[in-house]
Amino acid sequence: MRASSTEAEMIFWDAVRNKKLGVRFVRQFSIDGYVIDFYCPKFRLAIELEGKIHKFQKKHDEHREKYLKAFGIKIIKFKNEEILQNLNTVLSTVSPLLHQERG
């Protein structure tokens, strides 16, 4: 886990913390050493914010994603720029996923 958050992470956290979207999110949630930026346990939904570093660690990210999906975790990725430039669009993408019936 990192000690400091990016600007995009701080903005997204402020938008989802304290059940602002109706469900609880956890920051920096770890599963077997893989850290998820934001995780909604109720819907097994991982939100990943991707910065420039992800261009250089594609193999690691692919392995991590496959591993997490094996636990039934759905992963949605957004670029940091999307958070910084259009948070409302990001939230309107995430919100419907938090109000579906679990199957």
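The values are calculated or read from the model by the stated rules, or taken from the named source; none is laboratory data. Since the model is a prediction, treat every value here as computed from it, not as a measurement. Methodologically, a virtual Cβ is constructed for each residue, glycine included, from the backbone with ideal geometry; neighbour enumeration extends over all protein chains shown.
With the requirement that a residue be closer than 19 Å to residue 94 by Cα, part of a loop (DSSP other than H, G, I, E, B) and out of contact with any strand residue (DSSP E or B) (no Cβ under 8 Å at 6 or more places or on another chain), what does segment 1-31 give you? Residues satisfying the conditions are 20, 21, 22.
Per-residue answers, yes or no, for (1) at pLDDT 95 or above; (2) under 14 Å from the mean Cα position of the chain (by Cα); (3) small (Gly, Ala, Ser):
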position	(1), (2), (3)
13	yes, yes, no
32	no, no, no
45	yes, yes, no
50	no, yes, no
103	no, no, yes
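Within segment 7-36, residues that are under 20 Å from residue 85 (Cα atoms) and in contact (Cβ under 8 Å) with a residue 40 or more places away in the chain have Cβ atoms under 9 Å from residues that are basic (Lys, Arg) and surrounded by 14 or more Cβ atoms within 10 Å (Cβ to Cβ) in these pairs: 8/79; 9/27, counting only partners at least 6 apart in sequence or on another chain. If I filter segment 61-84 for residues that are at pLDDT 95 or above and aromatic (Phe, Trp, Tyr), do I get at least one hit? The answer is yes; a qualifying residue exists.
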